[in-house]
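See structure below.
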Amino acid sequence: MQTTQERGLWSSKLGFVLAAAGSAVGLGNIWKFPSEVADNGGAAFLVVYILCCFIVGFPVMVAELAIGRKTRRNPVGAFKVLSGGKGPWFLIGGWGILCGIFILSFYLVVAGWTLSFVVAEIAKMFGAEALYTTLSTISPGVKTAIFTVLFMVGTVGIVLGGVAAGIERATKTLMPALIGMLLVMIGFVLTRDGAMTGLTEYLKPDLGDLNTTVIFSAMAQAFFSLSLGMGALITYGSYLDEKESIPEAAALVTTADFSIAFLAGLLIMPAMYVAQGAGIEIINPDTGALINSDTLVFAVLPQLFDAMGGLIGVIFGFAFFVLLSMAALTSTISLLEVPVSFGIDELKLERRKSTLLFGILIGAIAVVVSFNFSLIGHFDLIFNQIGLPLGGFMICIFLAYVWTLRGAFTEMESGYPGVATSTFGKVWSVFVRFICPLLILLVFITTVWTALGL
Ligand code: PHE
């Protein structure tokens, strides 16, 4: 087995929190969250989402980090070690890796869209209007495939270098920049006509909007946005130093991720109604539903940058899409790191070979998705919306009944002395054993129930 030093370690607690936050904060917050809100009854979704993040997501995050740090392995190896190689438990990790592969393959396509918007803004800066229009029109085909592959090449380049200090450094500047930019844009959008309708939709819950689809979507979104359920944080936890407090790190990451999603909602929901008022078709007047939730953000934001006017608008557009691409990059790195660490630990490949193998494989699936956008929805449903909460469910069951709480507490003790008897420890043990798995199960059962029309 490799020593810890060979596998790499984060440089400090802040380093780890930054890397994990880098994984969590990405397209999930800025592309997916606002469209889920708009699709699912606005504020009612937001309320359920907050609960899902802190009641289900946070305890699962603690569980993943503890499993990763204890075993210092990839997800498959981690479950193998902790179950003493007995039984099919390693399949939890296998499922996670499969989910990671397919999530990354559609995530790259959307990340490619952000990249093409970066270039589009540059084209606009130089007055190349026709090029701007081409690059800022989202359509399946060669153009999308090129940007998708470019994004994968960037991701592979960084993962080749190992758990890079680069991830930590990039996130350190990225997060404040992203928050600052969102705040300025929120300030601007709220002065526009129609913004208040969006704000009310977002912040004034109407419990009549609650239904099983809303709850199912909110839970899935929490798993996706917090990078949970597939072992990304088992993998990142495997590079975490023993002295660090896992609960504290998890709390910081959950809060940071939630806050950025919340801000993105505060920007996009009003912007959606402003754009609608300006004649851009966003909501179907007959059904009241979004016309295309996958491209919502990309339809709404350029309109906002135009409204800012002239050079300022172009500079803002450019800066925003650069930041979004970087946020996506720190997430694609963590998604790729999961199968790559599996290749290194289990298939005994060198980092270089493992990275190239999975990079090419996933890149190839992503190219297929670039030509066929309907795959985004299918992959999203199976590997994200069903796959991640299912993974989270199995992680809780495994931790509570195979590894046992004693094992988990012993692992956490080094960075959090007295954890087992602390209030946190007592509450967490109830959540991870009963509340989280039961809630996930309940959401699944009621969703299937409703879907079958029972
Ligand atoms: N959390 C990332 C985002 O919000 C996506 C992701 C999911 C990353 C699962 C890793 C694992 O963009």
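If you go through region 161-199 one residue at a time, how many are hydroxyl-bearing (Ser, Thr, Tyr), exposed (fewer than 15 other Cβ atoms within 10 Å of the Cβ) and part of a helix (DSSP H, G or I)? Step through it out loud before you land on a result.
The first filter runs over region 161-199 and keeps only residues hydroxyl-bearing (Ser, Thr, Tyr), leaving 171, 173, 191, 197.
Applying the additional criterion that residues be exposed (fewer than 15 other Cβ atoms within 10 Å of the Cβ) yields 173, 191.
Filter again for part of a helix (DSSP H, G or I), leaving 173.
The qualifying residues number 1.
Which numbered condition in (1) assigned to a helix (DSSP H, G or I); (2) within 13 Å of the ligand (Cβ to nearest atom) is the only one that Ser227 fails?
Exception for Ser227: condition (1).
So which residues in region 32-47 are open to solvent by 20 Å² or more (accessible area, probe 1.4 Å) and either in a helix (DSSP H, G or I) or within 15 Å of the ligand (Cβ to nearest atom) (or both), if there are any at all?
Once the filter is applied, which keeps residues that are open to solvent by 20 Å² or more (accessible area, probe 1.4 Å) and either in a helix (DSSP H, G or I) or within 15 Å of the ligand (Cβ to nearest atom) (or both), region 32-47 yields Glu36, Ala38, Asp39, Val47.
Could you say which residue among Gly425, Gly392, Gly415 is in contact (Cβ under 8 Å) with a residue 40 or more places away in the chain and more than 18 Å from Ile92 (Cα to Cα)?
Values: Gly425 fails: in contact (Cβ under 8 Å) with a residue 40 or more places away in the chain; Gly392 fails: more than 18 Å from Ile92 (Cα to Cα).
The match here is Gly415.
Somewhere in region 410-427, is a residue of a type in the set (Val, Ile, Thr) and either within 24 Å of the chain's Cα centre (by Cα) or under 17 Å from Leu82 (Cβ atoms) (or both)? Explain how you work it out, then say what you get.
So the first thing to find is which residues in region 410-427 are of a type in the set (Val, Ile, Thr), and the list is 410, 419, 421, 423, 427.
Within this subset, residues satisfying the condition of being either within 24 Å of the chain's Cα centre (by Cα) or under 17 Å from Leu82 (Cβ atoms) (or both) are 410.
Among the residues of region 410-427, at least one is of a type in the set (Val, Ile, Thr) and either within 24 Å of the chain's Cα centre (by Cα) or under 17 Å from Leu82 (Cβ atoms) (or both), which makes the answer yes.
Which one of the conditions (1) at pLDDT below 95; (2) over 19 Å from the mean Cα position of the chain (by Cα) does Phe147 fail to meet, given that it meets all the rest?
(1)
Could you list, ordered by first residue, the pairs with Cβ atoms under 9 Å in which the first is in region 18-31 and near the ligand (Cβ under 9 Å from one of its atoms) and the second is open to solvent by 10 Å² or more (accessible area, probe 1.4 Å) and not in a helix (DSSP H, G or I), at least 6 apart or interchain?
Ser23/Ser227; Ala24/Ser227; Gly26/Ser227; Gly28/Ser227; Trp31/Asp294
Check whether at least one residue in region 406-423 is out of contact with any Gly (no Cβ under 6 Å at 6 or more places or on another chain), surrounded by fewer than 20 Cβ atoms within 10 Å (Cβ to Cβ) and charged (D, E, K, R), and report yes or no.
Within region 406-423, one or more residues are out of contact with any Gly (no Cβ under 6 Å at 6 or more places or on another chain), surrounded by fewer than 20 Cβ atoms within 10 Å (Cβ to Cβ) and charged (D, E, K, R).
Please tell me if Glu64 is among the charged types (D, E, K, R), within 20 Å of Ala251 (Cβ to Cβ) and under 20 Å from the mean Cα position of the chain (by Cα). Full working, then the answer.
Values: among the charged types (D, E, K, R): yes; within 20 Å of Ala251 (Cβ to Cβ): yes; under 20 Å from the mean Cα position of the chain (by Cα): yes.
Yes: the conditions hold for Glu64.
Answer with yes or no whether Ser354 is in contact (Cβ under 8 Å) with a residue 40 or more places away in the chain, in a helix (DSSP H, G or I) and among the small types (Gly, Ala, Ser). First the steps, then the outcome.
Working: in contact (Cβ under 8 Å) with a residue 40 or more places away in the chain: no; in a helix (DSSP H, G or I): yes; among the small types (Gly, Ala, Ser): yes.
No, not satisfied.
Matching residues to (1) farther than 29 Å from Thr134 by Cβ; (2) of a type in the set (Val, Ile, Thr); (3) modelled with pLDDT of 90 or more:
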position: Phe258; (1), (2), (3): yes, no, yes
position: Ala261; (1), (2), (3): yes, no, yes
position: Gly265; (1), (2), (3): yes, no, yes
position: Tyr273; (1), (2), (3): no, no, yes
position: Ala278; (1), (2), (3): no, no, no
position: Ile282; (1), (2), (3): no, yes, no
position: Ala289; (1), (2), (3): no, no, no
position: Pro302; (1), (2), (3): no, no, yes
position: Phe305; (1), (2), (3): no, no, yes
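Condition test on Ile158, is it open to solvent by 10 Å² or more (accessible area, probe 1.4 Å), under 23 Å from Ala256 (Cα atoms) and in a helix (DSSP H, G or I)? Let's see the steps before the verdict.
Numbers: open to solvent by 10 Å² or more (accessible area, probe 1.4 Å): yes; under 23 Å from Ala256 (Cα atoms): no; in a helix (DSSP H, G or I): yes.
Considered against the rule, which asks whether it is open to solvent by 10 Å² or more (accessible area, probe 1.4 Å), under 23 Å from Ala256 (Cα atoms) and in a helix (DSSP H, G or I), Ile158 comes out as no.
Given the conditions (1) over 25 Å from the mean Cα position of the chain (by Cα); (2) crowded, with 24+ Cβ neighbours inside 10 Å; (3) of a type outside the set (Lys, Arg), and given that Gly392 satisfies all but one, which numbered condition is not satisfied?
(1)
Go through region 233-267 residue by residue and tally those that are surrounded by fewer than 21 Cβ atoms within 10 Å (Cβ to Cβ), in contact with a Gly (Cβ under 7 Å, 6 or more places away or on another chain) and within 28 Å of Ala44 (Cβ to Cβ).
0
Does Pro270 satisfy the condition of being surrounded by fewer than 17 Cβ atoms within 10 Å (Cβ to Cβ) and either farther than 26 Å from Phe321 by Cβ or in contact (Cβ under 8 Å) with a residue 60 or more places away in the chain (or both)? Walk me through how you get there before you give the answer.
Details: surrounded by fewer than 17 Cβ atoms within 10 Å (Cβ to Cβ): no; either farther than 26 Å from Phe321 by Cβ or in contact (Cβ under 8 Å) with a residue 60 or more places away in the chain (or both): yes.
The answer is no for Pro270.
The values are calculated or read from the model by the stated rules, or taken from the named source; none is laboratory data. Just so we're clear, the structure is a prediction, and the values are computed from it rather than from any experiment. Cβ sites come from the backbone with ideal geometry, for glycine too, and all protein chains shown count toward neighbours. Accessible surface areas use protein heavy atoms only, side chains included; no ligands, DNA or RNA. Shrake-Rupley method; radii C 1.70, N 1.55, O 1.52, S 1.80 Å.
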